[in-house]
Amino acid sequence: MNAIETRNEKLAEKVIKNLEARHMTACYCKTAAEAKEKILSMIPDTDVVSYGGSETIDKLGIKEALREKGQKMLDRDLESDPAKRQEIMRQGLLSDTFLMSTNAMTEDGELVNIDGNGNRIAALIYGPKSVILAVSMNKITKTLEDAWARARNFAAPVNSQRFGLPTPCCTTGACGNCKSDKSICRQIVVTRLSIPGRIKVVLIGEELGF
């Protein structure tokens, strides 16, 4: 085991305890492959599954695996019509299991998320019976202030670039605190507690997502 792997495992132990104190369930997977299998095992075959935009979930290949096994999904990726995609996103708020990541997480177990459409953090807050977060260890910060900074100054500009949005952060690479109608930062939410057991966090030792 190298030094980074050791650090991640030690830090994960601390973070898991703090997440559990906030009424979330949590576990650590050393690799992305382990995390994928763990997350798939957490989803009952009878559940209707939805998801928020997440590079981490995409990289893990979870959606493809669910499609292959015939899981019932509210699968907006397969719909090209914008209006129909929006309706699928709305329906996702009443899914059984919702998949997502987080823009940042503190060592103390608080989640910080920025959202443009709002569907991802709406589902995190209320609606789906179960919310599973895949979170790589690179997203963990020391303090809540650090988590806010990571979400706004790293995650938001990178995602704006990914989606090709004409925002100041897409141009400069740094948050401009803009009021653009294309802003990816319409909603900023801190989650400090979960309804017991509703939010489940899978920490991942490999670096994934933004």
Q: At most 16 other Cβ atoms within 10 Å plus a DSSP loop assignment makes a site exposed; report the longest stretch of the chain without any exposed trypsin sites (Lys or Arg not before Pro).
A: 73-128
Q) Applying 1/(1 + (r/R0)^6) with R0 = 22 Å to the Cβ-Cβ distance of L78 and N153, what FRET efficiency is obtained, to the nearest 0.05? A) 0.05
Q: May I have the convex hull volume per residue, in Å³, for the Cα set of the stretch 15-169?
A: 115 Å³
Q) For the stretch 1-94, what log10 I(q)/I(0) values come out of the Debye formula at q = 0.12, 0.24 1/Å, with one point per alpha carbon and no solvent? A) -0.52, -1.27
Q | Of all accessible heavy-atom area on the chain, the percent that carbon and sulfur account for (1.4 Å) | A | 52 percent
Q) From the cross-link list K63/K179; K59/K179; K84/K200; K30/K63; K30/K72; K129/K179, which pairs have alpha carbons spaced over 25 Å apart? A) K63/K179; K59/K179; K84/K200; K30/K72; K129/K179
Q | the stretch 48-104 shape via C-alpha gyration tensor axes, a/c threshold 1.5 | A | rounded
Q.
If I take R0 = 22 Å and measure r between the Cβ atoms of T6 and S41 in this structure, what FRET efficiency does the formula 1/(1 + (r/R0)^6) give, to the nearest 0.05?
A. 0.25
Q) Gap in Å between the Cα centre of the stretch 100-139 and the Cα centre of the stretch 1-53? A) 13 Å
Q | Dipole moment magnitude, nearest 20 debye, the chain about Cα centre, only Lys, Arg, Asp, Glu C-beta charged | A | 380 debye
(Q) Kirkwood hydrodynamic radius, the stretch 112-184, all distinct C-alpha pairs: what's the number in Å? (A) 13.4 Å
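The values are calculated or read from the model by the stated rules, or taken from the named source; none is laboratory data. Remember, predicted model here, so these are calculated numbers, not experimental data. Cβ: placed from backbone, ideal geometry, glycine included. Neighbour counts: every protein chain shown. Heads up: the accessible areas ignore ligands, DNA and RNA and are worked out on the full protein's heavy atoms, side chains in. Shrake-Rupley method; radii C 1.70, N 1.55, O 1.52, S 1.80 Å.
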